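*Asks:* Before we start, here is the structure in question, set down as structure tokens.
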Amino acid sequence: MQRRALFALPFLLPPLTALAQQASLSDRDRADLARAEAWMNALQSLKARFLQIGQNGGSAEGTGWIVRPGRMRFEYDPPEPLLLIASHGQFFYFDKQLRQATTVPLAATPLGILLSDNLRFSGDITVTRVERASGLLGITLFRTGRAAEGRLTLIFSDQPMELKQWAVVDAQGQETRVSLYQPEYGGRFPSSLFEFNDPRFREQLGIP
């Protein structure tokens, strides 16, 4: 029951709009942005279970690892065949069933903002919305001058401050929401967890 409630709360926030413009920030907004910045920049590593919900309502679960800056691994539970790895400035998507791999620059996706070093909600980042509802804080943003690449909304619990969910709207306007639960902070993970050149990938792709 607690887990279902956690996933329901972020959807109380108003839906994302197609507008991408600089928000008019109040003193309270700036204070909350500073708190969120401080929490994100103090985050070194995280392991958590996740629930992903797509634009069409389809869902998938799995285990995610984040090491800031720049590294992420999302391993989906069967029967979902996907694996996502971020490292070395790239996002690597691997479909185990189709044996297909896709690589895109980390800087070309809004989710790369989450993994950036010394995150600041100003300058290279434009904040379009700061919202509060049911003890949650939502911050919608995009890379300054690159709104067409998509938008990212980070959703934090307010007391205590903790990242609970993010929503990505991509360049095609498709929204994906990821909720985190059972988080474990401060772990040390082997660097191989975030490498693209795992021999298993090469074998499944048929690369000698």
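*Asks:* Select from A108, Q52, P79 the residue farthest towards the positive end of the dipole of the range 20-182; place +1 on Cβ of Lys and Arg, -1 on Cβ of Asp and Glu, and compute about the Cα centre.
*Replies:* Value: A108.
*Asks:* Grab the beta carbon distance between Q90 and S122, set R0 = 30 Å, and tell me the FRET efficiency rounded to 0.05.
*Replies:* For Q90 and S122, the calculated efficiency is 0.70.
*Asks:* Sort the range 20-182 into rounded, prolate or oblate with this rule: let a ≥ b ≥ c be the square roots of the eigenvalues of the Cα gyration tensor; rounded if a/c is under 1.5, and if a/c is not under 1.5, prolate when a/b is larger than b/c, oblate otherwise.
*Replies:* prolate
*Asks:* What's the local net charge at R146, with K and R +1, D and E -1, over the other residues with C-beta under 13 Å away?
*Replies:* Counting the neighbours of R146, the net charge comes to -1.
*Asks:* I've got another one for you. Determine the sum of side-chain charges near E131: Lys and Arg each +1, Asp and Glu each -1, restricted to other residues whose C-beta is under 14 angstrom from that of E131.
*Replies:* Details: positive: R28, R129, R132, R151, K164; negative: D29, D32, D158.
Neighbourhood net charge equals +2.
*Asks:* Let me ask you something else. Do you know the relative contact order of the range 20-182, to the nearest whole percent, from alpha carbon pairs under 8 angstrom that are 6+ apart?
*Replies:* 20
*Asks:* What is the set of long-range amide H partners of G62 at a cut-off below 5 Å, with H atoms built 1.01 Å from backbone N?
*Replies:* Answer set, sorted by chain and number: F50, D77.
*Asks:* Need one number: nm distance between label points at D27 and A133, each 7 Å from Cα along Cα→Cβ, rounded to one decimal.
*Replies:* So the two model labels end up 2.7 nm from each other.
*Asks:* Give me the distance in nm between label points sitting 7 Å out from Cα along the Cα-to-Cβ direction at R188 and W39, one decimal.
*Replies:* 2.8
*Asks:* Okay, next question. Evaluate the charge dipole of the range 20-182 about its Cα centre and quote only its size in Debye, nearest 20, assuming +1 on the Cβ of each Lys and Arg and -1 on the Cβ of each Asp and Glu.
*Replies:* So the dipole magnitude of the range 20-182 works out to roughly 180 debye.
*Asks:* Starting from the Cα of E75, step 7 Å along the direction of its Cβ; do the same at A108; then give the gap between the two resulting points in nm.
*Replies:* It works out to 2.8 nm between the two label points.
*Asks:* In what sequence do E149, E162 fall when counting other Cβ within 10 Å, fewest first?
*Replies:* E162, E149
Each reported figure results from applying straightforward, stated rules to the coordinates on display, with no laboratory input. What you see is a predicted model; the values in this text were computed from it and never measured. Neighbour counts run over all protein chains shown; Cβ positions are idealised from the backbone, glycine included.
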